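Notes follow once the structure below has been shown.
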Amino acid sequence: MEEFINIGKRIPKTDAEEKVTGRAVYIHDLKVPGMLFGKILYSPHAHAKILNIDTSRAERLLGVKAILTGYNIPSIKFGFYKDNVPLKAGKVRSCRDEVAAVAATDPDIAEEALDLIRVDYEILPSVFDPEEAMKEGAPLVHDEHVGGKEKRPTNVLNLPWRLIAGDVDEARRQSAYVAEDRFRVTWVTHCCMGTSGCLAQFDLKNNLTIYSITQIPSLAQRDFTEALSAMGLQGKKVRVIKTMIGGGFGSKLDTYAFEYIAILLAHKTHKPVKIVFSREEEFFATSPRQPAIIDIAQGCTRDGRLTFRDVRMILDNGAYTSWGATTPSVMMMPISSLYKVPNVRYVAKCVYTNNTYSQAMRGYGNPQATFAIDSQIDILAEMAGIDPLDFRLRNANTPGEITPQNFKIITCGLRECIDAVAQKLDWRQNRGRRDGRGVGMASLIHVGGGARVYKSDGCGTIIKIDDFGTVNVFTGATDMGQGADTVIAQIVAEELGVRTEDVVVIHTDTDVCPWDVGAHASRTTFVAGNSALGAAKKVKQLLLEVAGQTLGESPENLDIRDRTVFSKRDPEKKSPLGKVLRAAHYTTGGRMVMAEYFYDPANENLDREFKGNLSVTYSYGTHGVEVEVDKETGQVKILKYVAAHDVGKAINPMLLEGQVYGGVAMGIGYALTERLISQNGKVMNPNFLDYKMLTAKDVPNVDPIVIETNDPFGPFGAKGIGEPGLVPTAPAIANAIYDALGVRIKDLPITPEKVLAALKQKTKPQ
Amino acid sequence: MKKFDYLKPRTIDEALSLLNQYGKRAKLVAGGTDVMVMIKQKRISPDVLISLSGITGLDQIQYDGALRIGPMVTHRQIEKSQVIRKEFSALADAVDVLGSIQIRNVATIAGNICNAAPSADTATPLLVLGAQVKIKGLKGERTVSIESFFKGPGETVLEEGELVTELIIPKPLPFTGSAYWKHQRRLALDLPILGVSVLLSLDRNRISCPDILCATSPISTVLHAMEQEGLVCKEVRIGLGVAAPTPMRAIKAEGLLRGKRISDELLQEVAETASNEAQPRDTIRAEAWYRREMIRVLVRRMAMRSIERVIRPEETVFPTRAW
Ligand SMILES: Cc1cc2nc3c(=O)[nH]c(=O)nc-3n(C[C@H](O)[C@H](O)[C@H](O)COP(=O)(O)OP(=O)(O)OC[C@H]3O[C@@H](n4cnc5c(N)ncnc54)[C@H](O)[C@@H]3O)c2cc1C
């Protein structure tokens, strides 16, 4: 076993002190001279014609520098479907539609100006239920949108998600048992500690600098460059600078109206303009997780082997289309490849409604799909008379498998995860008591080696070393709190024989840092880590060459340990790194010690049939939970929570556990308490009082179990772990509740009301 | 946020004359945890805040036969008061689960009732404990019962220029226990879906087998076993929060139990009656049917907890069981 100095160590996040002492600079803290404050006026109606906007009174308010509406801005289209504009003209399609924006010298003045803007609307019939929206004659959210072969006006998006493998109908006929259910999941939102915001600033040549909290700096740069073109600023440069990011969870995978609005206001006023969301805006004007209606059927043989999985899904897209509309492509992953299932069919429709538009959120569709799949695994196991633990073990994925979607499973610790959870829960002892206490489990598969969503899944790294042996790593990756900087520093330090604290990671500036496709798909440790490792290897080679000259030793005989280059043959021959570097710099014909590396994993885009090896490797996990349910109130208490994850290799067990704790807390919220309550398209609970995110008192002790399968392709064997922590939480809890009471809740969140109503239904005399 | 002046009078009389001087333009502020939120949400926009924090002596808890609570006493002070925990347990239950420690450190009990939210956690404990509210204005002083203090959501009998100077809670009868349950979706930083307070005075504090109360069996089994004891309920008060526009007493339900032997059947009937007396509404926080259902469950549980506190006072100061 190799002895590591940095890898596998519980090293606190490099920015931890800055953050806990309040010194870290978030977008909220940022001030630049002459800065104005932008505020946005939203539509109070879900669907309405804009008849008139009167800004005259607001314009007269002292301190107001600019007012924009959809009628006095250039046409900028954005979003995955290019169906959104920064400020709406003609009509509004949801309650969060931006209708006007103000820049003023003070946030209170900007706010006051909003109150002075008068908008006349003519209310239009609206549609909030995606099934209703699909019907003939439903109000059209986008009048010009057409679909189907006939190119008729419709609310159904032209995104025909369809995966077919094997023969589902035949397999169904052959199955000894078939379960068929409808599951429903609703909106939940990211609840980032830091609300959204940006600061846009033009220089005198009309080049744009935007301070941002994006998860996708390189792609955002492209979006903003396009916007500049639409504004008549062709060929102008865009520089994206990230401040400290107060959490992402997928919420920053798109560019948003508020960013374009800040750019437009900055351009109009020739002043820097900052927009920062209030908590209320963060709740209603950012995009939540997609609600879905999931019809699912699964079958098995007499001895409990899965025969088929057949899933139809309707997703509530909301009024506009973000990258989130592609979540069905990720839902395909558990549907095709969680447990061995030979025949698979999945058809999904994304439907426009007058609700808030939804987008990416940690797990990217996987939690929704896994809730249905793994809840139903318990239902099917019961039909077959098999303990759900045995059922899962019988169908567990294994290394070397090629799944129906053509995923090549390299390492797979699913069995180990299931076993570990069963053991920790005393499964055989505790299951099936039906006395108000119960145990349940559920599993997950997720991409663990990047995901080729775009044409490239790449990330670049540049490394240079200074005169004192400090290593500067310029990475394309984004640290949004998950600890990417720390993990990258550990990887580079390990390869270069220095300590993590010797490495400074710079990820904040598109003018400085190399390209990256973004912090999504749990890809950063794997892809950015491999990229950093590749660059570190090249730099090391250079270091050894330079040192070889001064030490009079051939580079092959040299290595670096503890910040010192030494000869493996003669340990007396050695030189501290700083000295090697100074030798390189203070020599005639001297040189820089730096290297660049671009890593693009050998994964595949999904083909026309949505098949292909999307990720180089896959992460697995199983969560187990013991609950106690109060039969009179319906309240669910979590007594024990075990989360086992196959992570390849834990580069930093502390950060890894952090991802698991956070994931589980988010997952329990998804399962039991969290939802955006929408009435007629309006979010009714845009605050932490009524949006029931768990508090520190509510989060149970979580027992994280790390299964290391040492993936051959991962940096030091690591696989992705950013998202998996919340994927199987809801079905594990639903299964435990069933075990406790014999009632099955199929829609989230599992509120006390639902549990109590189901119990009453069950005990009602027939 | 709108700008305002902040005045810090040194005496109650000075506060009263400032209140009188500024009238509707002024807002009285204690801990500010309701007032500041309302200003930020633009629900009120006072020009002047008149703070009670500069007046010394308003943060006293005294127990001299009756319990006297000053208007600047914080929830945290109440939480830490041993006498309140022992003798006025329902109130201790309420402040234990109110907001968070940070909130409890600054928020006052007077502010809680003057704000008069139907969900105010201390309201139903004060109802069942029979609290009196001392009010002072330029015209003079008066004392009203807490029951007549609340007039509607956000509305009290306080007239412009008046303030609350003291809460007075009489010493309970011998063998009295009380309990409050906040039915909530989270364990902290939540408002109740429903608040239930019960106060019970028994004819004695000894029964032949006090350990029945530690049984983990369902509440009905425990009550059946207890029925043999022939415990009599001398006095009972039931308070319900978020069950009507103001915190309310379940008078009919109380009438069923007062002077009777305690049995499971009777407690069920009492709970059922309380549930029927209430007028809960459907809101985004919970539906009426669930609130009614919970009154049925929780009145019985809080009655049990009150009994337990009489009979096993030492063990049950910090109960962990559901009742
Ligand atoms: C995060 C958070 C969590 C909360 N959680 C809870 C909870 O769990 N349960 C709950 O019940 N409440 C909760 N609250 C509401 C609030 O904290 C309580 O109502 C608190 O008791 C108010 O006290 P205060 O001293 O802060 O009142 P203030 O905000 O200062 O005043 C409240 C009202 O009372 C008036 N007032 C204050 N003192 C007097 C007086 N002596 N005479 C006359 N009028 C007076 C004020 O003019 C104002 O109208 C929460 C608030 C926040 C911000």
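Every number in this text was worked out from the coordinates using simple rules, so none of it is lab data. Here the structure is a predicted model, which means the values were calculated and not measured. Here Cβ is always computed from backbone atoms with ideal geometry, including for glycine, and neighbour counts include all displayed protein chains.
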Query raised in the report: Taking a temperature of 20 °C and a viscosity of 1.002 mPa s, what whole-number D in µm²/s does Stokes-Einstein yield for segment A:1-157 with Rh from Kirkwood over alpha carbon pairs?
Result: 110
**Report entry** Dipole of segment B:159-242, positive end: most advanced residue of B:I168, B:I212, B:I238 [Cβ charges, Cα centre]
**Finding:** B:I212
Query raised in the report: So, how do all the Cα-to-Cα distances of segment B:5-51 break down into 10 Å bins, in percent, from 0 on up?
Result: 29, 55, 16, 0
Query raised in the report: Tell me, Kirkwood radius of segment B:176-311 from alpha-carbon pair distances, in Å?
Result: 15.1
Report summary line: Dividing the alpha-carbon radius of gyration of chain A by 2.2 N^0.38 Å, where N counts its residues, gives 0.99
Query raised in the report: Okay, helix-only estimate at 222 nm for the protein assembly as shown: each DSSP H run of n ≥ 4 adds -39500 (n - 2.57), divide by all residues, round to 500 deg cm²/dmol; what do you get?
Result: -8500 deg cm²/dmol
Requested in this report: Grab the beta carbon distance between A:K77 and B:K3, set R0 = 51 Å, and tell me the FRET efficiency rounded to 0.05.
Outcome: 0.80
Query - Residues A:M654, A:M592 arranged by fewest to most Cβ contacts within 10 Å - result: A:M592, A:M654
Query raised in the report: To one decimal place, what Kirkwood hydrodynamic radius in Å is obtained for segment A:611-680 from all pairs of distinct Cα atoms?
Result: 15.1
Query raised in the report: Taking a 31 Å limit on the Cα-Cα distance, which of the listed pairs A:K19/A:K568; A:K88/A:K205; A:K39/A:K236; A:K274/B:K40; A:K151/A:K455 fall beyond it?
Result: A:K19/A:K568
Report summary line: Scalar couplings 3J(HN,Hα) for segment B:147-161 by Karplus 6.51 cos²θ - 1.76 cosθ + 1.60 (θ = phi - 60°), nearest whole Hz, x for Gly and Pro, are 4, 8, 5, 7, 10, x, x, x, 10, 10, 7, 4, 9, 3, x
**Report entry** Whole-number D in µm² s⁻¹ for segment A:433-477, Kirkwood Cα-pair radius fed into Stokes-Einstein, 10 °C, 1.306 mPa s
**Finding:** 100
**Report entry** Convex hull per residue volume in Å³, alpha carbons only, for segment B:10-82
**Finding:** 107
Query raised in the report: How many percent of all Cα-Cα pairs in chain B sit more than 34 Å apart?
Result: 24
Report summary line: Quick calc, chain A, dipole around Cα centre from Cβ unit charges on Lys, Arg (+) and Asp, Glu (-), nearest 20 debye, gives 580
**Report entry** Rg [Å, one decimal], Dmax [Å, integer] - segment B:61-169, C-alpha atoms
**Finding:** 13.0, 38
**Report entry** Per-residue ³J(HN,Hα) for segment B:98-114, Karplus 6.51 cos²θ - 1.76 cosθ + 1.60, θ = phi - 60°, Hz, x for Gly and Pro
**Finding:** 7, x, 9, 4, 4, 5, 5, 5, 10, 6, 10, 6, 4, x, 4, 7, 5
Report summary line: Compactness check, segment A:595-736: C-alpha Rg relative to the 2.2 N^0.38 Å globular estimate gives 1.29
Query raised in the report: Number of Lys-Lys pairs in segment B:61-169 under 27 Å by Cα, sequence gap 8 or more or different chains?
Result: 5
Query raised in the report: How long are the three semi-axes of the equivalent ellipsoid for segment A:434-557, computed from the Cα gyration tensor as the root of 5 times each eigenvalue, in whole Å, largest first?
Result: 36, 18, 14
Query raised in the report: Which of the GluC sites (Glu not before Pro) found in segment A:472-565 are in a DSSP loop and have at most 12 neighbouring Cβ atoms, other than their own, within 10 Å?
Result: none
